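Below: one structure, written as structure tokens.
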Amino acid sequence: MSEEAQTTAAGDTAVHPLFDMFPPATYEEWRAVAEKTLKGAPFEKRLITKTYENILLQPIYNIEDIAGLPQVNSLPGFEPFVRSTRALGYVIARWEVCQELPYPLPREVNEAARSDLSRGLTSLNLPLDQATLQGLDPDAAPMALVGAGGVSLATVDDAVTLLEGVTLDRTPLLVAAGANAVPVAALILAAAERSGVGFDRIGGCIGADPLGALAVQGSLPLSLERSYDLMAQWTAWAHVHAPLLRTILVATHVYHNGGASVVQDLACALATGVAYIRAMQARGLDVHVVAPRMQFAFSIGSQFFMEIARLRAARMLWARVVSAFGGDEQAQKMRIHGRTSAWTKARFDAYNNMLRATGEAMAGVMGGIDSLHVSHFDEALGLPDEFSRRIARNVQIILQEECNFIRVIDPPGGAWAIETLTDQVAQKAWALFQEIERKGGMADALVAGFPQSFVAATRAERFSAIAHRREVIVGVNMYPNLKEKPLTVRMVDHAAVQAERSAEVQRVRHAVDPQARQDALGALTQTLAAAPDRLVERAIAAARIGATLGDLATALASSDAAGPTIEPIPFHRAAEQFETLRTTAEAYMARTGARPKVFLANMGPIPQHKARADFSTGFFEAGGFEVIGNSGFATVEEAAQAALESGAGIVTICSTDETYPEIVPALTGLIKSSRPDVTVVLAGYPTDQIETYRAAGVDEFIHLRANCYETLVRLQQLKGVAA
């Protein structure tokens, strides 16, 4: 330790740099050394990365990059809340471990909930099936909707079964209810009442999100105006009777899973939130009633620093929005639920999903989420079992207990890269949000297809990068494992679920006094016009005496106009194109008893062919092809004989550009003269010889810039792999 540092350590008030013996380097000096190391490769091409958000990631950031950013000087818990809505972060109150329980039957969900609540789960996340979200009882819904995506909820008895043994006054709920929040809430609240829990002790979110539902489904069971009417009545009622419940949800998973960038995702969140505040104000609710009842839900992808920046930017921009509506500091605080990405999860080499989810969860925690779901590693395959639930749950517990995130406050705060990215994401998201506003707001923009268009454009860009393997999915388009054993997972048996659920609903109907039920539903229908302030109360009363979710939804849609119809945003996963190739190859193997084969004609000693042989192996295995390798051949005659004896339908020549003129025409000629149906592929792309090699019989060229996916599709079709 230097003398100056020792003096400072002993208590001297003078401040001396600990490493003052090392002169600081300037950015210009660093760049000069970096460019020298690159040996002539362009600095901008090798070290600057353009993201899907059109942000240029720099290789190094410094203090000048954050000069003039006012939010950098803010503190956690204070406006603009970029650093957290809580002054002490997770030190006093941890984020909620809020794992989805996506089982179709209420008893299954309850069994999983009771098991997991004693093992680290702290919040009950209850995804609903598509029938429930559309306001349909299981016996009236198309079979494919029953049990699809979550639990089938139709009666108070279902809700009682769902929540049996759960201490509702200590376990917050998260229920994304789409456009039908009031019927769902009525069933849950009536069940809570039956178990003796007061409405004022129930916390969490039973959230209405009609615009989110519209983006997913392409239509709504209600008009948007009626959806907003019900949202307003649910919010006003909860403000008085259930003050711990949030009633409005802004979930942007649909945009993320459609392929959107974080900027696009955040802009859609802001525009949706603004639409809901405006609709509530038009129905007489003050922003100080509405904003605290709102919760946002974001999917967290694989771009670690960008995801942290997005969550920090979201809080900052939402504070600006609520302030513009006249909201005070308390109303400006954004509540965020995070969900690790479904887009990034793969069906092949699925254990890798544990690693993906861990990185995404860590980004969410560093970004300051309030609750979190970590994807089960088998999420893309089917329903989770106890093991996959345990691993996903323990990711959060390890982040809390072993990684000590509950003992630090805003760990990325002040980091030059994070602060710069936060500002850049905020600027671009705000600009796109304003563009959505100029198109009339989120609802009009969806009707016009504007969000659909920019999400589709980014999705196409992502799929192109994946197809060219510029974006790597380990175990899928790179480093595939063709020897992996498929996981055993349980799929939803929709026919069996519908049969069981229909029988349960019919049993409840037969036990109910039909006249009392009809009177209660009639009173609810009359409330729409005569006494809307009593709507939620009468919905609970109707549920209490046996009205089903379908009954309630039908009553609340009485005399309503038709709902809007738009082009929905489709669900996708990054790996799906290459998974289709692999699945096609697996089906071919099931039909024929063997995988489609590629023979590597490796020419010369190992150092001469190894790089391209390794590249070719990975390239073809990504499409499910079996690659037959070897240690190399000395002559084209030996290579041709081995290739023909292998029986492979594709032969790939691997060597160097310098040796190809002597090898390629001769070897291709020998192969084609014996078997014209063999497809000859050349590893590499020697631009000055392409036409010569094509004339000699080469059919395909594979190289670093090739579209791997499209090449493999062509080869599967050509060789009869695709049925």
Acute angle (nearest 10 degrees) that the helix 304-324 long axis makes with the longest principal axis of the chain, alpha-carbon atoms: 30 degrees
Centre separation in Å (Cα based) which lies between the stretch 335-361 and the stretch 266-301: 27 Å
Most to least packed among 700-711, 60-71 [average Cβ atoms within 10 Å]: 700-711, 60-71
Dipole axis of the chain (+1 Lys, Arg; -1 Asp, Glu on Cβ), positive-most option in V182, Q689, Q434: V182
Which of D699, D677 has the fewest Cβ neighbours within 10 Å, and the rest in rising order: D677, D699
Relative contact order of the stretch 231-327, defined on C-alpha pairs under 8 angstrom at six or more residues apart (%): 36 percent
Which of L168, L230 has the fewest Cβ neighbours within 10 Å, and the rest in rising order: L168, L230
Highest-first arrangement of 40-50, 212-222, 446-456, where packing means the average Cβ count within 10 Å: 212-222, 446-456, 40-50
Exposure proxy ranking, count of Cβ atoms within 10 Å, fewest first, for D129, D229: D229, D129
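List the chymotrypsin sites (Phe, Trp or Tyr not before Pro) in the stretch 557-594 that DSSP assigns to loop (not H, G, I, E or B) and whose Cβ has at most 16 other Cβ atoms within 10 Å. Which are they? Walk me through the numbers before you get to the answer.
On the way: sites: F571, F578, Y588; in loops: F571.
For chymotrypsin sites (Phe, Trp or Tyr not before Pro) across the stretch 557-594 that sit outside H, G, I, E and B with at most 16 neighbouring Cβ atoms in 10 Å, the list reads F571.
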Estimated 222 nm signal from helices in the chain, with DSSP H stretches of n ≥ 4 weighted -39500 (n - 2.57), rounded to 500: -15000 deg cm²/dmol
Length gained when the stretch H241-E638 is fully extended (0.36 nm per residue, less Cα-Cα span): 134.5 nm
Relative contact order (percent, whole number), the chain, Cα cutoff 8 Å, 6+ residue spacing: 14 percent
Positive dipole terminus of the chain, leading residue within M306, P568, L121 (C-beta point charges): P568
Spacing of the two label points (7 Å from each Cα toward its C-beta) at V91 and W416, in nm: 2.8 nm
Of L270, Q332, L145, farthest towards positive along the dipole that unit charges on Lys, Arg, Asp, Glu beta carbons give the chain: L145
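Placing +1 at every Lys and Arg Cβ and -1 at every Asp and Glu Cβ, with all other atoms neutral, what dipole size does the stretch 576-718 have around its Cα centre, in debye to the nearest 20? Spell out each step's value before the answer.
Numbers: 11 positive and 18 negative charges, 57 e Å.
Charge dipole, the stretch 576-718, about its Cα centre: 280 debye, nearest 20.
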Estimated distance in nm for a label pair at K45 and D349, the labels positioned 7 Å out from Cα along Cα-to-Cβ: 2.8 nm
Cα long-axis angle, helix 514-530 against the chain (0 to 90 degrees, to the nearest 10): 90 degrees
About the Cα centre, charge dipole magnitude for the chain (Lys/Arg +1, Asp/Glu -1 at Cβ), debye: 660 debye
Ordering of 651-659, 561-569, 357-365, 89-97 by burial proxy (mean other Cβ atoms within 10 Å per residue, highest first): 357-365, 651-659, 89-97, 561-569
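Take every DSSP beta bridge with both residues inside the chain and express the antiparallel ones as a percent of the total, to the nearest 5.
Working: 4 of 46 bridges.
Counting only bridges with both partners in the chain, antiparallel ones make up about 10 percent.
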Electrostatic dipole magnitude of the stretch 293-423 [Cβ: Lys, Arg +1; Asp, Glu -1; Cα centre; debye, to 20]: 280 debye
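Every number here is computed from the coordinates shown, using simple stated rules; none is lab data. Because the structure is predicted, anything quoted here is derived from the model rather than measured. Glycine also receives a Cβ, built like all others from the backbone with ideal geometry; neighbour counts cover every protein chain displayed.
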